[in-house]
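Have a look at the structure below before the remarks.
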Amino acid sequence: MDPARKEARIRATRERIEGSEERQQALRAEQEDLIRVASIPPFETVEADFVTTDSSTTAKERIVTEDSRAV
């Protein structure tokens, strides 16, 4: 095989390997992000009584609070 052609093939192979390594690193980072997000507990809905300011009656209002285990 021609030395110049051989060198070109080696260079192209190295570039493909480097590109694969970069994609693999990006996928690892994305996987770590997904694992971190999946470990955060979901929001929970709770009911709370609030006293209205214009009268002494209470109004049921639904509020969303973070679970106490959230990071």
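Answer with yes or no whether Ala38 is out of contact with any strand residue (DSSP E or B) (no Cβ under 6 Å at 6 or more places or on another chain), among the aliphatic types (A, V, I, L, M), part of a helix (DSSP H, G or I) and at pLDDT 90 or above. So Ala38 does not fit the description; no. Among the numbered conditions (1) free of Cβ contacts under 8 Å to residues at least 12 places away in the same chain; (2) surrounded by 10 or more Cβ atoms within 10 Å (Cβ to Cβ), the only one that Ile40 does not meet is (1).
The values are calculated or read from the model by the stated rules, or taken from the named source; none is laboratory data. Small disclaimer: the values here were computed from a predicted structure and weren't measured. Heads up, the Cβs are rebuilt from the backbone with ideal geometry, glycines too, and the neighbour counts pull from every protein chain shown.
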